[in-house]
Structure formats: C-alpha cells, structure tokens
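The values are calculated or read from the model by the stated rules, or taken from the named source; none is laboratory data. Just so it is clear, the structure is predicted and the values come from calculations on it, not from any experiment. A quick note on method: Cβ atoms are made from the backbone with ideal geometry, for glycine too, and the neighbour counts reach across all protein chains shown.
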Amino acid sequence: MYILLIDDKQPILDFVTPLLIESGHIVETASNGLDAYEKALQKPFDLYIIDHLMPVMNGLQLSKNLLSNPFTANTPAIFMTTQNLTEVTALTRSLSFQAIITKPIDAKSLLNAVNKTNEKNSTLYSL
C-alpha cells in the first residue's frame, strides 16, 4: 500500500515509517495537516495515518477536508491520538476512521489496523 503518514513529531515518523516499510508498504510523510492535504491532492494514496493534534491544521480538520474532496474522500484513514480514547471516538464518529490508535504507539496494534484496512481494500478492488 502507498501510505501517507502525518505527524508533527519526528520521533513518531522515525518509528512508524520503517515499521511500515519493513511490512512492505511505501510511505510518504507530512509534518502537519496542510502539508498532508496538499500531498493528498497531488497523487492518490491507499491509506492515510493521521495524527490528532498538529500545528497549522489538526487531524480532525484534515480528515474533514479529505472527506469533502472527491479525489480523496474514499481513501481509508487511521487516526492516532494521545487523548482519551472515549472522547476522541465521540469526536470522530462522523469521520469513519478504520481504526483509532492511541499513543504511545504499539507496533502490533498499528500493523494489525493497517493490515485490516489492506484486506478491506483488496476485497473492494477485487469485486
């Protein structure tokens, strides 16, 4: 899968990027929501992994923007947060994330979420 990973913290990008690459994915990164939105409009991705709290444009606003654009609206997304999972789930209910991952990131949980998204996409495209 071609994944756009969005997080403003370099240690997160440094941890997640090689993890995804070692699992066979191609990864491009963005350090804030605006940068990510501009990249998403330039080429198609198979998955967005979006951080919640970022400068310039946060993950919720980025997700709303992606959903409102026909070019990006059907791309699945995984949401990452340091906030309370119950509150974030309530905030994101209308955004239909494939998964919500809490930080600190558990590699196994993230890869499971990515793999489940990949399986859903494979089924969708094979019909």
Within region 73-95, considering residues that are out of contact with any strand residue (DSSP E or B) (no Cβ under 8 Å at 6 or more places or on another chain) and outside any helix (DSSP H, G or I), the one modelled with the lowest pLDDT: ASN84
Go through (1) in contact with an Asp or Glu (Cβ under 6 Å, 6 or more places away or on another chain); (2) within 14 Å of LEU110 (Cβ to Cβ) for MET54 and report which single condition fails. (2)
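With ALA36, ALA40 as the choices, which residue is in a helix (DSSP H, G or I), over 20 Å from LEU110 (Cα atoms) and under 12 Å from the mean Cα position of the chain (by Cα)?
Values: ALA36 fails: over 20 Å from LEU110 (Cα atoms).
Testing whether each residue is in a helix (DSSP H, G or I), over 20 Å from LEU110 (Cα atoms) and under 12 Å from the mean Cα position of the chain (by Cα) leaves just ALA40.
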If we ask which residues in region 5-31 are out of contact with any Phe, Trp or Tyr (no Cβ under 9 Å at 6 or more places or on another chain) and surrounded by 19 or more Cβ atoms within 10 Å (Cβ to Cβ), their number turns out to be 5
Out of the residues in region 45-68 meeting the condition of being among the polar types (S, T, N, Q) and in contact with a helix residue (DSSP H, G or I) (Cβ under 7 Å, 6 or more places away or on another chain), tell me which one is surrounded by the fewest Cβ atoms within 10 Å (Cβ to Cβ). GLN61
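Taking the condition of being outside any helix (DSSP H, G or I), within 18 Å of LEU111 (Cβ to Cβ) and either touching a strand residue (DSSP E or B) at 6+ places or on another chain (Cβ under 8 Å) or of a type in the set (Phe, Trp, Tyr) (or both), how many residues in region 1-27 meet it?
First, pick out the residues of region 1-27 that are outside any helix (DSSP H, G or I): 1-9, 23-27.
With within 18 Å of LEU111 (Cβ to Cβ) added as a condition, the list becomes 1-7, 23-27.
Add one more test, that the residue is either touching a strand residue (DSSP E or B) at 6+ places or on another chain (Cβ under 8 Å) or of a type in the set (Phe, Trp, Tyr) (or both), and what stays is 1-7, 25-27.
So the count comes out to 10.
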